[in-house]
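Data block below; observations after.
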């Protein structure tokens, strides 16, 4: 996340506060007085709490799993990322010989732009809530309709698609399948 270099100057804010009669806050209260210090402390705390709330509520991009990162690395994904998986599967910002840990959306874009593999996620809202995946490219259309044993998933809304609880789970499964579709001869694109 890129953080702004800009700082909040509480004294400037207090000096600029206009009261109903047009006078400034600092014209009524001495900067050396206790009330000014109390207001300044209260404003600092309010700013801290607002920043904390903003951080908690920020939408964060989902990183791919270690398994998907290893597969992407094997298939030639070489984009520099901000985070990497270390051998202990922990995400780190240092990139020795570990696997890049891109966001799901970055890997999805790489598959689309470099390998013409389009991963589409659709929501289902009748009979069952969830998401299913369709992969498209030149000459193929594939859905994730079988489990690991090769059994078809139950038919949902007339489709034999596997249903995932979250969009991110569906996208991760689509990314893994998309990586499987890359021709070994094209790996290093």
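List of remarks:
- Separation in nanometres of the label points that stand 7 Å from Cα toward Cβ, at residue 49 and residue 168: 2.8 nm
- Between residue 83 and residue 26, the modelled label-to-label distance comes to 4.2 nm, taking each label 7 Å out from Cα in the direction of the beta carbon.
- Taking each residue as 0.36 nm, the span from residue 12 to residue 118 lengthens on full extension beyond its C-alpha to C-alpha distance by 33.0 nm.
- Under the simplified labelling scheme, the residue 180-residue 103 pair shows an inter-label distance of 2.7 nm, with each label point 7 Å from Cα along Cα→Cβ.
Values quoted throughout were computed directly from the atomic coordinates according to the rules given, and no laboratory measurement underlies them. Since this is a predicted model, take the numbers as computed values, not measurements. In this analysis, Cβ positions are derived from the backbone assuming ideal geometry, glycine residues included, and neighbour counts consider all displayed protein chains.
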